[in-house]
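Just so it is clear, none of the values below were taken in a lab; they were calculated from the coordinates. Predicted, not measured: the structure shown is a model, and the values here were computed from it. Don't worry about glycine lacking a Cβ; one is built from the backbone with ideal geometry, like all the others, and counts go over all protein chains shown.
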Amino acid sequence: MRELIEFIAKSLVENPEAVTITEEAGEDGGVLLRLAAAPEDMGRIIGKQGRTAKAMRTLLNAKATREARRASLQIME
């Protein structure tokens, strides 16, 4: 799951080296992914009205469901 979000995020930004993703156990027993990027790239990751971020969360949930797991994405600003 981490690789999927990392690939998408690095494809969107102009400074892919600044993209970092940390993975930790969530409070519901699932996986929490925290995505951080350079400040100037945050607009590209979030997208207009949050559409890109929502699409990334949808893809993450679809992949997690296929693996019978729970996952959530938090974008750090």
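Quick notes
- When residues of region 13-56 are limited to those that are within 14 Å of residue 76 (Cα to Cα) and among the basic types (Lys, Arg), the one nearest to the chain's Cα centre (by Cα): 34
- Residue list for region 17-64, filter: closer than 16 Å to residue 3 by Cα and without any contact (Cβ under 8 Å) to a residue 12 or more places away in the chain: 17, 24, 55, 58, 61, 62
- Enumeration of residues in region 57-77 that are in contact with a strand residue (DSSP E or B) (Cβ under 6 Å, 6 or more places away or on another chain) and either surrounded by 15 or more Cβ atoms within 10 Å (Cβ to Cβ) or of a type outside the set (A, V, I, L, M, F, W, C) (or both): 57, 60, 64, 71, 72, 73, 74, 75
- Flag for residue 1 being surrounded by 13 or more Cβ atoms within 10 Å (Cβ to Cβ) and either more than 16 Å from residue 77 (Cβ to Cβ) or in contact (Cβ under 8 Å) with a residue 40 or more places away in the chain (or both): yes
- Filtered residues of region 37-77 (kept if on the phi > 0 side of the Ramachandran plot, assigned to a loop (DSSP other than H, G, I, E, B) and either in contact with a Pro (Cβ under 9 Å, 6 or more places away or on another chain) or of a type outside the set (A, V, I, L, M, F, W, C) (or both)): 47
- Region 1-33, residues that are among the polar types (S, T, N, Q) and either in a helix (DSSP H, G or I) or closer than 15 Å to residue 59 by Cα (or both): 11
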